[in-house]
Amino acid sequence: MTLTRSQFHQQHLEQAQAKAAELFARRTDLKGAWLGWVAGQLYSLSPAEYASMVRRELQRLQEGTPASP
């Protein structure tokens, strides 16, 4: 059974938020090297839709905006 985009998003949102928080937490440790490191981490994620979700969550964390329900 193939998931719709909405179903995929609903099923993987918490996981993507947790992964983004994990990656974001490394920012202070890695300092200037974080951006290159996190790009490599995002590149290794699959499927691409999931990687995009994690990237959007990272952007949200950087901007300090609250998570969507």
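A short reminder: the numbers here are calculations on the coordinates, not readings from a lab. None of the values given here were measured: they were computed from a predicted structure.
Okay, here's what the table says:
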read-out: Among [x] 113; [y] 151; [z] 80, the entry derived from the coordinates for volume of the Cα convex hull per residue in Å³; value: [z]
read-out: Helix 48-63 vs. the chain, principal-axis angle (Cα, 0 to 90°, nearest 10); value: 50
read-out: Full-stretch length increase - TRP34, THR4 - with 0.36 nm per residue and alpha-carbon distance subtracted; value: 7.5 nm
